[in-house]
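Novice: Please read through the structure below; I'll follow up with questions.
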Amino acid sequence: MARKYDLAICGYYGFGNLGDELICRALVEMAVGLGLERSRICVLSCDPHLTGSSLGVDSVDRWKFFEVFKALRQSRSLLLGGGGLFQDSTSLRSCLYYWGVTLLGRLLGATPWAFGQSVGPLRSKTSRFLARHALKACRVRFVRDEASRDLLSSMGLDSQILPDPVFYFASCMPKNFRSGSVLALNVRPLSGGENTAGLLFQAVKAFCDARGYRTRAICLCEEDLLELRRLGERLDEAIVVKDIKDIASAFEDVRYAVGMRLHFCLLALLFRVPVVAVPYDPKVRSFALSWDIPLWEKGADLGNLISKAKVAQDDEINSARENLTEGFAFAIRKTLGDECVGARS
């Protein structure tokens, strides 16, 4: 049967988290760059109207079974597109959802493949089974870090490491060569009553007050802003970045960056801002270690860490983007075949 779509993309999209939205946009743009038509791409989203209109592709409600069923039945492949989809940090729900979508896609003839994944933590036997069962079915598996590759290897699954899909936007991010007077901060809520954000805020305020820096919170979603309000601390400025076009202004005049979210740290790299990461999650620790980013943990001297923070070099960033795009081209051709992509590129 002739299928309407070449690619159905499934991830944590439409929830207002900038990092995941940038992943989705990067995957779509890389696919289009290889010759796929936007009309041949469909995205499963919590907000299909916003996703479809912003990316110029079809989008369906990820929570409506029959819409997902129809999209997968009409697609040649299912892309598990980036981020930490298979993890049980809070519950089994994430693993169950993406396992279910992958199983449905297989039953309907949409070949599954995985790209840009961070896998784990998988603390329970059930979540480990679900992740292995879904990822084993993928024609290709690309992960973002060594920890994910090692975890998959322990489950008998091979995978390859490539940079996060958001590195695709390296060429369109202006380089921040100015010595600004702003320290950019990113905090996010954590489960279990941890006070990491509060302790980090105190360390940042002490550093900035001693050196005369202004503080700017860069929030990648509304829950980051809510966490700041919960802390009850005052900053000079707080920005919620909701779209790619607003990122440059958020990082304007930023001299240093300290943050919890992986994509906040990644964007700081792209803007050539020295950054310190807070490893609240294994994926952040792995990312920071791979880019030689200092890690702040409770009790650490923030000033000392900031002095060690380095600016990412152009050749490092360009190499990451090149490796990413080459790997994506390999993966999509492996899944769809040269005749589909190559004929249009």
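Novice: Here is a list of conditions, (1) in contact with a Lys or Arg (Cβ under 7 Å, 6 or more places away or on another chain); (2) surrounded by fewer than 22 Cβ atoms within 10 Å (Cβ to Cβ); (3) modelled with pLDDT of 95 or more, and Q117 meets all of them except one; can you say which number that is?
Specialist: Result: Q117 fails condition (2) only.
Novice: Sort through T126, T102 and tell me the only one that's open to solvent by less than 10 Å² (accessible area, probe 1.4 Å) and more than 14 Å from the chain's Cα centre (by Cα).
Specialist: Matching residue, one of T126, T102: T102.
Novice: Assess whether G82 counts as being modelled with pLDDT under 95 and not in a loop (DSSP other than H, G, I, E, B).
Specialist: yes
Each row is one residue, and each column tells you yes or no for (1) at negative phi; (2) surrounded by 15 or more Cβ atoms within 10 Å (Cβ to Cβ); (3) in contact with a Pro (Cβ under 7 Å, 6 or more places away or on another chain).
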site: S154; (1), (2), (3): yes, no, no
site: S179; (1), (2), (3): yes, no, no
site: N195; (1), (2), (3): yes, no, no
site: L200; (1), (2), (3): yes, yes, no
site: R214; (1), (2), (3): yes, yes, no
site: I218; (1), (2), (3): yes, yes, no
site: E227; (1), (2), (3): yes, yes, yes
site: V240; (1), (2), (3): yes, yes, no
site: D243; (1), (2), (3): yes, no, no
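Novice: If you don't mind, there's one more thing I want to ask. Just to be sure before I move on: is R132 open to solvent by 20 Å² or more (accessible area, probe 1.4 Å), without any contact (Cβ under 8 Å) to a residue 24 or more places away in the chain and assigned to a helix (DSSP H, G or I) in the structure I sent?
Specialist: no
Novice: Do we have P189 as modelled with pLDDT under 95, closer than 30 Å to R234 by Cα, open to solvent by 20 Å² or more (accessible area, probe 1.4 Å) and of a type outside the set (D, E) here?
Specialist: yes
Novice: Then there's this: Given the criteria more than 18 Å from G116 (Cα to Cα), of a type outside the set (S, T, Y) and at pLDDT 95 or above, does C172 qualify?
Specialist: Criteria not met by C172.
Novice: Looking for whichever is more than 22 Å from R144 (Cβ to Cβ), surrounded by 23 or more Cβ atoms within 10 Å (Cβ to Cβ) and either β-branched (V, I, T) or touching a helix residue (DSSP H, G or I) at 6+ places or on another chain (Cβ under 6 Å) (or both) here; the options are L72, L22. Which one fits?
Specialist: From the options L72, L22, the qualifying one is L72.
Novice: Sticking with this one: Do the conditions hold for R123, that is, is it touching a Lys or Arg at 6+ places or on another chain (Cβ under 7 Å), in a loop (DSSP other than H, G, I, E, B) and of a type in the set (D, E, K, R)?
Specialist: No.
Novice: Has the range 47-68 got any residue that is surrounded by 24 or more Cβ atoms within 10 Å (Cβ to Cβ) and in contact with an Asp or Glu (Cβ under 7 Å, 6 or more places away or on another chain)?
Specialist: no
Novice: Filter the range 248-262 for residues that are surrounded by fewer than 23 Cβ atoms within 10 Å (Cβ to Cβ) and part of a helix (DSSP H, G or I) and give the result.
Specialist: A248, S249, A250
Novice: For L96, are the conditions met, namely being open to solvent by 40 Å² or more (accessible area, probe 1.4 Å), part of a helix (DSSP H, G or I) and within 27 Å of L152 (Cβ to Cβ)?
Specialist: When the stated conditions are applied, L96 passes them.
Novice: Evaluate the following for R144: is it buried (at least 19 other Cβ atoms within 10 Å of the Cβ), closer than 18 Å to L324 by Cβ and modelled with pLDDT of 95 or more?
Specialist: Yes.
Novice: Those residues that are outside any loop (DSSP other than H, G, I, E, B) and either closer than 18 Å to R76 by Cβ or open to solvent by 10 Å² or more (accessible area, probe 1.4 Å) (or both), I need them from the range 1-19; list them, please.
Specialist: The answer is Y5, L7, A8, I9, C10.
Novice: While we're on this one: Just to verify a result, which residue in the range 272-310, among those that are on the phi > 0 side of the Ramachandran plot and among the charged types (D, E, K, R), is most open to solvent (accessible area, probe 1.4 Å)?
Specialist: The selected residue is D292.
The values are calculated or read from the model by the stated rules, or taken from the named source; none is laboratory data. Values in this document were obtained by computation on a predicted structure and should not be read as measured data. Please note: Cβ atoms are built from the backbone with ideal geometry, for glycine as well, and neighbour counts cover all protein chains shown. Note: areas computed on protein heavy atoms with side chains; ligands, DNA, RNA excluded. Shrake-Rupley method; radii C 1.70, N 1.55, O 1.52, S 1.80 Å.
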